[in-house]
1. Have a look at Pro54, Pro33, Pro79 and point out the one that is in contact with a Phe, Trp or Tyr (Cβ under 9 Å, 6 or more places away or on another chain) and closer than 26 Å to Ile153 by Cβ.
2. Is it the case that some residue within the stretch 71-82 is part of a helix (DSSP H, G or I) and buried (at least 19 other Cβ atoms within 10 Å of the Cβ)?
3. Output the residues belonging to the stretch 70-89 that are of a type outside the set (Phe, Trp, Tyr) and within 15 Å of the chain's Cα centre (by Cα).
4. What's the total number of residues in the stretch 87-109 that are of a type in the set (A, V, I, L, M, F, W, C), within 16 Å of Ile47 (Cβ to Cβ) and either in contact with a Leu (Cβ under 9 Å, 6 or more places away or on another chain) or in contact (Cβ under 8 Å) with a residue 40 or more places away in the chain (or both)?
5. Scan the stretch 33-55 for residues that are part of a loop (DSSP other than H, G, I, E, B) and not hydrophobic (A, V, I, L, M, F, W, C) and report the count.
6. List the number of the failed condition for Tyr16; all other conditions in (1) of a type outside the set (S, T, N, Q); (2) under 21 Å from Ala154 (Cα atoms); (3) in contact with a helix residue (DSSP H, G or I) (Cβ under 8 Å, 6 or more places away or on another chain) hold.
7. Where residues in the stretch 129-143 are β-branched (Val, Ile, Thr) and surrounded by fewer than 17 Cβ atoms within 10 Å (Cβ to Cβ), which of them is farthest from Phe190 (Cα to Cα)?
Amino acid sequence: MFIKNVKSNLLKNFIYSQLLLLFFLFICFIIKPEILLNNEGISAFGIDIKTIVPYAIGYLLCSYFIGKSVKYMKHNSNPYKIIFYSMNTIAILFIALVFTPYAINTGFNWIHTIISTSLFLTELGLIIYLTIITKNNFINILLIIGQIISGIIAMYSIYPILPITGKLNFLLQGEVLFQTFFDIGIIIIFLKYKITEVT
């Protein structure tokens, strides 16, 4: 079965997911702007009573629409299989971040860090894969480089839990830039790449 607007539905739901995430995180930032001065990441909104509700709503809506974007995609062959499982993994990891507030204890902090790292790596891996199969678009290569640099900035800005961390003070900026580069890359690829197979 083929549906003409699969690509537009995929794009539409992915864009919804990111706009809703941005909107609710912006609300969090309005409520708690001092996050920039304290070198805290986006997850700091999830441990503050004033921002935990919009933070959770934003992440859960983001997860829902990412999952919805590939809901009807056939996933028994590449590249559809890679896209389908990667997007669903990203959706699950967003949910997992909500339910693992890092401030509870050291164990939760490590779990949260592992989930965050897994999210970064999954998004980076997906964009690299899609860039390769769509003939190495130059803009996307630049976006991947941007993701890697912003990911390194975020990693080096995390509070000292490893010898290499805590050296910078741009955690939120690194995280936002990383996600922005990912979003732009995905939108460019989905606009160009013909995704028409559905179940």
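1. Testing whether each residue is in contact with a Phe, Trp or Tyr (Cβ under 9 Å, 6 or more places away or on another chain) and closer than 26 Å to Ile153 by Cβ leaves just Pro54.
2. No, that holds for no residue.
3. Ile83, Ser86, Met87, Asn88, Thr89
4. 4
5. Residues flagged as part of a loop (DSSP other than H, G, I, E, B) and not hydrophobic (A, V, I, L, M, F, W, C) within the stretch 33-55 amount to 7.
6. Among (1) of a type outside the set (S, T, N, Q); (2) under 21 Å from Ala154 (Cα atoms); (3) in contact with a helix residue (DSSP H, G or I) (Cβ under 8 Å, 6 or more places away or on another chain), Tyr16 violates only (2).
7. Among those that are β-branched (Val, Ile, Thr) and surrounded by fewer than 17 Cβ atoms within 10 Å (Cβ to Cβ), it is Ile141.
Each row is one residue, and each column tells you yes or no for (1) under 11 Å from the mean Cα position of the chain (by Cα); (2) loosely packed, with under 15 Cβ neighbours inside 10 Å; (3) part of a helix (DSSP H, G or I).
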site: Cys62; (1), (2), (3): yes, no, yes
site: Lys68; (1), (2), (3): no, no, yes
site: Ala91; (1), (2), (3): yes, no, yes
site: Thr100; (1), (2), (3): no, no, no
site: His112; (1), (2), (3): no, no, yes
site: Glu123; (1), (2), (3): yes, no, yes
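We did not get these values from a lab; they are worked out from the coordinates using the rules stated. Worth saying up front: this structure is predicted, and the values here are computed from it rather than measured. Cβ sites come from the backbone with ideal geometry, for glycine too, and all protein chains shown count toward neighbours.
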